[in-house]
Amino acid sequence: MTEKIVNYLKENRDTHLKELSDWLAVPSVSALPEHKEDVRKGAEWIADNLTNAGMDNVKIYETDGHPVVYGDWLKAEGKPTVLVYGHYDVQPVDPIELWESPPYEATIRDNKLYARGASDDKGQTFMHVKVLQAILKSKGTLPLNFKFCIEGEEEIGSPSLPKFIEENKDLLAADVIVISDTGMLDRGKPAICYGLRGMCAMQVDVTGPNSDLHSGLYGGAVQNPLHAITELLQSFRDENGRILVDGFYDNVQELTEEEREAFRALPLTEEALKNQLGVTELTGEEGYSHIERTWARPTLELNGVWGGFQGEGIKTVIPAKAHAKISCRLVPNQEPDEIIEKVKAHIEKHKPVGIDVIVTLFDKGAPYVTPFDHPAIQAAARSYEKVYGVPTAFTRGGGSIPIVATFDQMLNIPVVLMGFGLSTENFHAPNEHFHLENFDKGMETLADYWFELEKSIQKETTTR
């Protein structure tokens, strides 16, 4: 990486932040139908920015849902191709009253950029575009070939992207995929995520009597759906945090001792996590550390439970219905469809008498893990260390980016998860923000990485 590129990034920092603020002002919320046109505006904005940055063949592709933005630069003859993935859609902003500044008016406080999408994922995607623009402006060419695939449905599980990938394999063909939609270990501590948990999510609706009933007239004679769903949900786990669904752990890939040792060496203590979260104790599956539980063990969690009277005071009814939302985080070798069927079988086996149960499926995605000794990942680690001045940690992510496993399965190329966010940045919550020190250092890291990756691939090719 030349000093000229870094100087260009520094000299144009204000311009870049202004551009990013304009993109953040677009409320591209994919989950809400009323924002459908705003999502399209988000796609149009980044398409224009790719063109202005010097990318070729920029096009907005229609899908069954929100559009995908593509662009490329393929003038590095004989060099490998990088596919950069990102997303321009964002989460809803509610509860809006908890925002300290308007969610779509980017505001800088304490060297942090506050706005919906600042960290997840407009800010991180934007960095990739600006880095390539900086290299082109400084050197007139790029060290590798590049393609962009920027979608508008990641926050709703990327339902349209698998079909788009399947139909456009030649368009998206590359040697490596780089995604910046993950986080660092902590402030000033870069990390590369080499694995993500998968997910399946569902809603359980329990129905009892044909209408709400007076609890005095019918209480004690009719099954109460709230009691029934409570009993059903309690059957999912034992007192040691182990999931009791038959066959749930059958295919779970256990951690290697090398991985467990690497996790133990990380500066992530239970005490620090308790202080961060404001809890007195941590819980979970017996026999595993808190890191292992959140990164590499499967879960079954309740995301919402409701039913009956919710207003002030009391209304003495037996409700006709009760509901719960459930999500499972999955680890390598667990298939979402198989887990869904096992959970449904558990519900059928354990449902109390006097009720009917309907299970409605929502998001699902396969888990993903790749060897962290891959040359493309090791090159990223070197670039992080060069800019941040500390060794790069190798982590797994407890969350899910379903499309990562899809890319892996359909394109069969390595995925480098090279993120610059922090877990404290409130993505998906009020007051989302992005630390600008990582905006600055992140772009320097990416600028270095493309040259480091080129050298790494050349060395690997020569060694063969």
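The values are calculated or read from the model by the stated rules, or taken from the named source; none is laboratory data. What you see is a predicted model; the values in this text were computed from it and never measured. Here the Cβ positions follow ideal geometry from the backbone for every residue, glycine too, while neighbour counts run over all protein chains shown. Quick note on the areas: whole protein, heavy atoms, side chains included, nothing else; ligands and nucleic acids left out. Shrake-Rupley method; radii C 1.70, N 1.55, O 1.52, S 1.80 Å.
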With x for Gly and Pro, the residue-by-residue ³J(HN,Hα) of the stretch 117-123, computed from phi through the Karplus equation 6.51 cos²θ - 1.76 cosθ + 1.60 at θ = phi - 60° and given in whole Hz, is x, 4, 9, 10, 9, 4, x
For the chain, longest principal axis from Cα atoms; helix 375-388 axis from its Cα atoms; angle between them, nearest 10 degrees, is 80 degrees
Rg/Rh over Cα atoms for the stretch 147-296, Kirkwood Rh, comes to 1.08
Residue separation between ASP363 and VAL390 times 0.36 nm, minus their alpha-carbon distance, gives in nm 6.0 nm
Which of LYS274/LYS364; LYS10/LYS112; LYS112/LYS137; LYS4/LYS189 exceed 21 Å between C-alpha atoms? The answer is LYS274/LYS364; LYS112/LYS137; LYS4/LYS189
Taking a probe of 1.4 Å and leaving out DNA, RNA and ligands, the chain shows per residue an accessible area in Å² of 45 Å²
Shape call for the stretch 353-464, from the Cα gyration tensor axes a ≥ b ≥ c (a/c under 1.5 means rounded, otherwise prolate when a/b beats b/c, else oblate), comes out oblate
Here, LEU244 and ASN303, labelled 7 Å along Cα→Cβ, have an inter-label distance in nm of 2.4 nm
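Ranking request for peptides 106-115, 74-83, 142-151: highest mean number of other beta-carbon atoms within 10 Å first, then the rest in descending order.
The packing order, highest mean first, is 142-151, 106-115, 74-83.
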A 1.4 Å probe over the protein heavy atoms gives the chain a carbon and sulfur accessible-area percentage of 49 percent
Expressed as a whole-number percentage, the relative contact order of the chain with C-alpha contacts under 8 angstrom and at least six residues apart is 25 percent
The FRET efficiency for GLU44 and HIS214, from their Cβ-Cβ distance with R0 = 51 Å and rounded to 0.05, is 0.35
Burial-style ranking of 13-21, 45-53, 443-451, average other-beta-carbon count within 10 Å with highest first, yields 443-451, 45-53, 13-21
Spelling it out for CYS193: with amide H atoms placed in the peptide plane at 1.01 Å from N, the residues 5 or more places away or on another chain with amide H under 5 Å from its amide H are THR395, LEU417, GLY419
In order over the stretch 232-238: 3J(HN,Hα) from phi, Karplus 6.51/-1.76/1.60, θ = phi - 60°, whole Hz, x for each Gly or Pro, gives 5, 5, 5, 6, 6, 9, 8
Diffusion coefficient in µm²/s returned for the stretch 66-188 by Stokes-Einstein, Kirkwood Rh over C-alpha pairs, 4 °C and 1.567 mPa s, is 79 µm²/s
If every Lys and Arg gets +1 and every Asp and Glu gets -1 at its Cβ, then about the Cα centre the stretch 289-380 yields a dipole, in debye to the nearest 20, of 340 debye
With N residues in the chain, Rg(alpha-carbon) / (2.2 N^0.38 Å) equals 1.06
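Over the stretch 1-147, what is the relative contact order in whole percent, taking alpha-carbon pairs under 8 Å and six or more residues apart?
Reported as a whole number, the value is 29 percent.
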At q = 0.13, 0.18 1/Å the base-10 log of I(q)/I(0) from the Debye formula over the alpha-carbon atoms of the stretch 214-278 is -0.72, -0.95
Of the residues PRO430, LEU74, ALA25, the Cα lying farthest along the dipole of the chain towards its positive end, which is defined by charges on the beta carbon of Lys, Arg, Asp and Glu, belongs to LEU74
One finds, for ASN275 and ALA76 with R0 = 41 angstrom and r their Cβ-Cβ distance, a FRET efficiency to the nearest 0.05 of 0.30
Any residue on another chain or 5+ positions along whose placed amide H is under 5 Å from the amide H of VAL84 is listed here as LYS147, PHE148, CYS149, VAL178
Counting sequence-distant residues (5 or more places) and residues on other chains, those with an amide H built under 5 Å from that of GLY198 are LEU330, VAL331, TYR368
Residue-ordered couplings for the stretch 332-346, obtained by feeding phi - 60° into the Karplus form 6.51 cos²θ - 1.76 cosθ + 1.60 and rounding to whole Hz (Gly and Pro as x), are x, 5, 8, 9, x, 5, 5, 5, 4, 5, 5, 5, 4, 5, 4
Each label sits 7 Å from Cα toward the beta-carbon; between ASN251 and ASP170 the label points are separated, in nm, by 3.3 nm
Magnitude of the Cβ-charge dipole (Lys and Arg +1, Asp and Glu -1) of the stretch 33-102 about the Cα centre, nearest 20 debye, reported as 440 debye
In debye to the nearest 20, the charge dipole size for the stretch 410-452, taken about the Cα centre with +1 at each Lys and Arg Cβ and -1 at each Asp and Glu Cβ, equals 160 debye
Rounded to the nearest 10 degrees, the helix 13-24 long axis (Cα) sits at an angle to the longest Cα principal axis of the chain of 30 degrees
Projected onto the charge dipole of the chain (unit charges on the beta-carbon of Lys, Arg, Asp and Glu, signs +1, +1, -1, -1), the Cα from LEU277, THR63, ASN168 with the largest positive-side position is that of ASN168
For the chain, the longest principal axis of the Cα atoms and the Cα long axis of helix 436-463 enclose an angle in degrees, to the nearest 10, of 70 degrees
When the charge dipole of the stretch 204-310 is computed with +1 on Lys and Arg Cβ and -1 on Asp and Glu Cβ about the Cα centre, the Cα farthest towards its positive end, among SER215, GLN234, TRP306, belongs to SER215
